[in-house]
Amino acid sequence: MYSEAVMDHFMNPRNVGSLADADGVGTEGNPVCGDVMKIYIKVDGEERIEDIKFQTFGCGAAIATSSMVTEMVKGLTLEEAMDVSNKKVAEALGGLPANKMHCSNLAADALHKAIEDYRAKKQAPQGAGQ
Amino acid sequence: MIYLDHAATTAVHPQVLQAMLPYFSDRFGNASSIYAIGRESRQALDRARETVARVLGARPNEIIFTSGGSESDNLALKGVAFARRSKGNHIITSGVEHHAILHACEYLEKWFGFRVTYLPVDRYGVVDLEALTAALDEQTILVTVMAGNNEVGTLQPIAEIARILKGRDIILHTDAVQAGGSVDLDVEKLGVDMLSLSAHKFYGPKGVGALYVRRGTTFWPQQQGGSQERNRRAGTENVAGIVGLATALDLAYANLASNCAHAQALRDILVQGILASVPDTLLTGHPTRRLPNNASFCFKYVEGESILLSLDMLGIAGSSGSACTSAAIEPSHVLTAMGIPIELAHGSLRLTTGLENREEDMRYVVDVLPGIITKLRAMSPLTVH
């Protein structure tokens, strides 16, 4: 049911883990629904994604899309990364089964939330607290 | 491959296949035909019916052959509900039944105005008998509770339910599809009026099942056509399949004690080994009153499909009640009815042992599973790191 690329990313996920000094963190999904994706990004002075890590609770598709999105956007500018959609991630994996397109294909949304988190933090006045 | 999904289906036993083969070719006659090969098919059906009746402690004319467990369940529920509608409209079942029962109940509720009570279960999945007693009323016409649960293996107190219903004009049906080949199915000991079976759960072929209907049970056929099965189930009989079902059932019950001991010894290696080596793991279902071949678990912080995929990469076949493996949104209704939190229910794994499994294979599974769970947990944002 899964493509070779999905199985490769599932069995050998890229960029697993967290970043203690992340500039932005985004979480998408819900444990009750069976999928939670958390993306951590480190952004350099030129607004590029310098480093990225993910943690995912979910099925094969959830883990593979998370791994794939981290690989796709590492080194991209934030604007370029915002253009990477869930659909593009699925395409890069050679497609996903129809029933996985909605529930398990949220990794790009988690990335976008991480970018928004970074931008919100940047805009907030220094020392304004949480 | 290490096949640990015998609750899903089993391989046809070589002796069963041998018994079936002539009925596809040399003895292809229609059992309703008057000439020699027709009569041969009729005799094969008669023998099969006698065999099934003997195993169930029933009379041959109380056995109806069907296309499988789902048809048997649907036929039992709708057949009784429609026939007894003038007597009452209330059906009682449990929250942990197979969908063949639950969806048939919903159909009767939605389109035909029946009332259905779904009995609660305890944390092990055992139906609440006090709730059963409380639910009975003048309108109750049918109670249906499964013999053994397909997901967690819990055995239901069918004989006790029969005692509660004794003296009342209520039909008791049990879905014994998962229990077939694993527990004594004597209908007198169980005290049931109807019982569903499916051949492929006990080393018979797919696409054939049986329904026991106690003599005197008012019951309407649900399929119209010819007069087969004494007017209770129209359609040319699946002679090869029925021969296969009877041969498989006969074999399973001739060797019941040794088959169960084998499955249980292997199951116990899995249960003890996995509980000892994987922390934050819950054995689901009743600790002792369960089908001998069923080992089922929930692993915290991980999702079932990813466990199955990882096992599959190592040649191990298992299953999960996880929503992701069934194209459903919700995880297993069985686990949630038992009060297991939804996020934990997503991490379910069912391993069911069978005849061809060997002890060394179980040890291999116990060796590799902790690594799989550890890897997935290391990846999970839910894990308490």
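The values are calculated or read from the model by the stated rules, or taken from the named source; none is laboratory data. Just so we're clear, the structure is a prediction, and the values are computed from it rather than from any experiment. Virtual Cβ from ideal backbone geometry, glycine too; neighbours counted across all protein chains shown. The accessibility values were calculated without ligands, DNA or RNA, using every heavy atom of the protein model including side chains. Shrake-Rupley method; radii C 1.70, N 1.55, O 1.52, S 1.80 Å.
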With residue B:4 itself left out, Lys, Arg at +1 and Asp, Glu at -1 over residues whose Cβ is under 12 Å from its Cβ give -1
Within the set A:60, A:24, A:94, GNM on chain A using Cα springs under 10 Å gives the largest fluctuation to A:94
Expressed as a whole number, the average count of other chain Cβ atoms within 10 Å around the Cβ atoms of A:52-58 is 6
From most to least accessible, 1.4 Å probe, no ligand or DNA/RNA atoms counted, B:229, B:138 line up as B:138, B:229
Which of B:189, B:206, B:300 fluctuates most in a GNM of chain B (C-alpha springs under 10 Å)? That residue is B:189
The A/B contact buries a total accessible area, at probe radius 1.4 Å and rounded to the nearest 100 Å², of 1800 Å²
Of every hundred units of 1.4 Å-probe accessible area on the stretch A:4-119, the number belonging to carbon and sulfur atoms, as a percent, is 49 percent
If the label point sits 7 Å along Cα→Cβ of residue B:136, residues of the stretch B:86-105 with amide N under 17 Å come out as B:88-94
Taking Cα pairs closer than 8 Å and at least 6 residues apart, the relative contact order of chain B in percent is 22 percent
Taking a ≥ b ≥ c as the square roots of the Cα gyration tensor eigenvalues, with a/c under 1.5 meaning rounded and otherwise prolate when a/b beats b/c or oblate if not, chain B comes out oblate
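Peptide B:47-53: average number of partner chain Cβ atoms within 10 Å per residue?
Across the residues of B:47-53, the mean count of other-chain Cβ atoms within 10 Å is 0.
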Taking every other residue with Cβ under 15 Å from the Cβ of residue B:212 and scoring Lys and Arg +1, Asp and Glu -1, one gets -1
For peptide A:30-42, the mean count of other chain Cβ atoms within 10 Å per residue Cβ is 4
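Only loop residues by DSSP count here, and only those with at most 13 other Cβ atoms within 10 Å; note down the GluC sites (Glu not before Pro) in the stretch A:31-99 that meet that.
Answer by residue number: A:46.
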Highest mean packing first, using Cβ neighbours within 10 angstrom, the peptides B:238-246, B:125-133 sort as B:238-246, B:125-133
Mean Cβ-within-10 Å packing, highest first, puts peptides A:105-115, B:332-342 in the order A:105-115, B:332-342
With a 1.4 angstrom probe the carbon and sulfur portion of accessible area for the stretch B:333-385, in percent, totals 57 percent
The relative contact order of the stretch A:4-119, taking Cα pairs under 8 Å that sit 6 or more residues apart, comes to a percentage of 33 percent
For A:31-38, B:346-353, B:214-221, ranked highest to lowest by mean beta-carbon neighbours within 10 Å, the order is B:346-353, A:31-38, B:214-221
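Please give me the summed charge of the neighbours of residue A:60: other residues whose Cβ is under 12 Å from its Cβ, Lys and Arg +1, Asp and Glu -1.
Net charge in that neighbourhood comes out at -4.
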